[in-house]
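J.: Next up is a structure, given as structure tokens.
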Amino acid sequence: MQLTVLGHWGAYPEAGEATSGYLLEHRGRRILLDCGSGVLSVLQNELALHELDAVFISHQHYDHIADLGCLQYACLIDTDLGKRTEPLPIYVAEPSEGAGTPACRTMKGSVILPVGAGDSLELYGLKFEFFRTFHEVYCLGCKITDGQAALVYTADTYYDESLIGFCEGANVLVAETSFYVDFQNARNYGHMNSAEVGYLASQAKAETVVLTHLPHFGDRTELIKEVKRHYGGEVILAAKGLKLPL
């Protein structure tokens, strides 16, 4: 597996960059994890849009889904041009009771497929396991394994001890780190601060933690130092184009 960071900002993209979006590649297949603002433009530095094989959307906040409609239009155009021969499967976090109004719909060239907490999915030689996180809206994190390595993506969440089990043994833990350690009420915003990320990574015995969903203020290199006070493994600050082999 290889993960490429396309976007790593929370809330809105900084100039020339993007909010949440990650490209996972495995055995020639390409899967997009979240499709936030600016992601579609950055993604095309890595591949043509018709080469994308699947998408996972963790939740329906704009900084994770803003470019999805445009991606679906690209799928429609590529289908009409004969570049895409199969509809793009888009797996969207959705509660079993179907609460709320979907922010996306199936259209020509793509198909919306709901997934929920506790679901698992075999896709292109990868196993996806979805778990509920703690956020303002229904949100899923995921653990992705290829039989040798494990990647965990927390999506958006405040800290809760139940997350440790889901993140346990991750070779790479991509963890939202929205606030610095001195911001104690991150929970009120549905996010984690750096100390909580460090504790989560330590308790889960993750090999490497990637800090993402970054704040737009302060010296972000301080986040690394703050995480390391609680965690002894490798800490990496997400950046556009960062590639992480697993």
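J.: Condition first: of a type in the set (Phe, Trp, Tyr) and under 21 Å from Glu168 (Cα atoms). Now tell me which residues in the range 122-139 satisfy that.
T.: Across the range 122-139, the qualifying residues are Phe128, Phe130, Phe131, Phe134.
J.: For the range 32-59, give me the residue count where each residue is of a type in the set (S, T, N, Q) and within 12 Å of the chain's Cα centre (by Cα).
T.: The number of residues fulfilling the criteria is 1.
J.: Here's a follow-up. Please work out which residue is surrounded by the fewest Cβ atoms within 10 Å (Cβ to Cβ), limiting yourself to the range 129-168 and to residues that are out of contact with any Leu (no Cβ under 7 Å at 6 or more places or on another chain) and small (Gly, Ala, Ser).
T.: The selected residue is Gly147.
J.: Please tell me if Thr212 is buried (at least 19 other Cβ atoms within 10 Å of the Cβ), in contact with a His (Cβ under 9 Å, 6 or more places away or on another chain) and under 18 Å from Lys143 (Cβ atoms).
T.: Working: buried (at least 19 other Cβ atoms within 10 Å of the Cβ): yes; in contact with a His (Cβ under 9 Å, 6 or more places away or on another chain): yes; under 18 Å from Lys143 (Cβ atoms): yes.
Answer is yes for this residue.
J.: Test of understanding: among Leu163, Leu151, Leu173, which residue is closer than 13 Å to His135 by Cα and not aromatic (Phe, Trp, Tyr)?
T.: Matching residue, one of Leu163, Leu151, Leu173: Leu163.
J.: Regarding the range 97-114, can at least one residue be identified that is in contact with a strand residue (DSSP E or B) (Cβ under 8 Å, 6 or more places away or on another chain), within 17 Å of Tyr22 (Cβ to Cβ) and modelled with pLDDT of 95 or more?
T.: No; the residues of the range 97-114 include none that is in contact with a strand residue (DSSP E or B) (Cβ under 8 Å, 6 or more places away or on another chain), within 17 Å of Tyr22 (Cβ to Cβ) and modelled with pLDDT of 95 or more.
The values are calculated or read from the model by the stated rules, or taken from the named source; none is laboratory data. Quantities reported herein were computed from a predicted structural model and do not represent experimental measurements. Quick reminder, even Gly has a Cβ in these numbers, built from the backbone with ideal geometry, and neighbours come from all protein chains shown.
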